[in-house]
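See structure below.
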Amino acid sequence: MLRLLLPPSVGAARARARAELLDQSLRADLGETLTIEVADGYAELAERAERGEADVVWMPPTVCARLEPSLASAFKCVRQGSTSYRSAIVAKRGTHATLDELRDARPAWVDRLSVGGHLLARAALAARGLADTLREPRFFGSYPAALEAVLDHEADFAAVAVRDDSAAALREALAAYVGKVAVDALACLFVTGDTPNDAVGVTRAVEPRAADRLARRVFENERARARAAFCLALDAEGFVRAVPGEYAELRRLLTHA
């Protein structure tokens, strides 16, 4: 029996809805049954995986960074044809034109551990000696709330996750989180380098031969029923095996968060 552990963002209702499909597909592809649990938080998710209480774990990037050295393998989720994303620093049109103009500005961050809404953007500012000049940093808990704070003049800039550095990607992200008003009112000052997407990890609780079989027959087999079921459950288009050390830079950012 395989034990799948999901992050709290999935929700218990959604996990139950996907459990039967995943169970049926794994029975067909591997002859394995499946149990699914939802962790109460990201810290619990990581701790249970480290203790060997799960065989397969869906991990947000920050948890990937923590667990990567101890996993048997990890498979990045593909979304919009990409296995990575970036962070765009945005401000009201006409207020700031470059990063250097953000000296003494008020940031609207999403969460201390948000990669797209804090870590990448702050690292870009730190590289220019600006991070420690920021005034009244606040964490608003979500992308919509952070962007609304900029629109309402409660903050001077925010950071939002984008799939790439194109203008189209920024418009899509702003429209998705706040709507057309944000697309018209906000301008991009800078787009960071990329970082890997969230991933599915196979833990070392799985015997090595079984872990290799799971990787080959599910995540690397485009015709597998179980792979299609995982794609549906995780809102992914596919999976690509992560290169060892791919989340190392994110681990470094987390130590300075």
Filter region 165-212 for residues that are part of a helix (DSSP H, G or I) and not assigned by TED's automatic domain parsing to the domain that holds ALA97; which is surrounded by the most Cβ atoms within 10 Å (Cβ to Cβ)? ALA211
Condition (residue is among the hydroxyl-bearing types (Ser, Thr, Tyr), without any contact (Cβ under 8 Å) to a residue 60 or more places away in the chain, assigned by TED's automatic domain parsing to the domain that holds ALA182 and not in a helix (DSSP H, G or I)) applied to region 86-107: is it met by at least one residue? no
Please verify whether LEU102 is crowded, with 19+ Cβ neighbours inside 10 Å and more than 22 Å from the chain's Cα centre (by Cα), treating the condition exactly as stated. yes
Being of a type in the set (Gly, Ala, Ser), more than 19 Å from ARG217 (Cβ to Cβ) and not in a loop (DSSP other than H, G, I, E, B) is the filter here, so list the residues in region 25-66 that pass it. ALA43, ALA46, ALA49, ALA65
Enumerate the pairs (first residue in region 121-144 and of a type in the set (Ser, Thr, Tyr); second residue anywhere and part of a loop (DSSP other than H, G, I, E, B) and surrounded by fewer than 17 Cβ atoms within 10 Å (Cβ to Cβ)) with beta-carbon separation below 7 Å, excluding pairs fewer than 6 apart on the same chain, so at least 6 apart or on different chains. THR133/ARG103; THR133/ASP104
Kindly list the number of the only condition in (1) touching a Phe, Trp or Tyr at 6+ places or on another chain (Cβ under 9 Å); (2) assigned to a loop (DSSP other than H, G, I, E, B) that fails for VAL78. (2)
Residue within region 31-38 that is surrounded by fewer than 17 Cβ atoms within 10 Å (Cβ to Cβ) and not β-branched (Val, Ile, Thr) present: yes
Checking ASP156, ASP184 in turn, the sole residue that is over 25 Å from THR83 (Cβ atoms) and at pLDDT 95 or above turns out to be ASP156
Can you name the residue in region 170-221 that is within 19 Å of ASP235 (Cα to Cα) and among the acidic types (Asp, Glu) and, of all such residues, is nearest to the chain's Cα centre (by Cα)? ASP198
Quick check: is even one residue across region 16-33 touching a strand residue (DSSP E or B) at 6+ places or on another chain (Cβ under 9 Å), of a type in the set (D, E, K, R) and under 30 Å from ASP165 (Cα atoms)? no
State whether the residues of region 44-53 include one that is over 30 Å from CYS188 (Cβ atoms), of a type outside the set (Lys, Arg) and more than 20 Å from the chain's Cα centre (by Cα). yes
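The values are calculated or read from the model by the stated rules, or taken from the named source; none is laboratory data. Note that this is a predicted model, so its numbers are computed, not measured. Cβ sites come from the backbone with ideal geometry, for glycine too, and all protein chains shown count toward neighbours.
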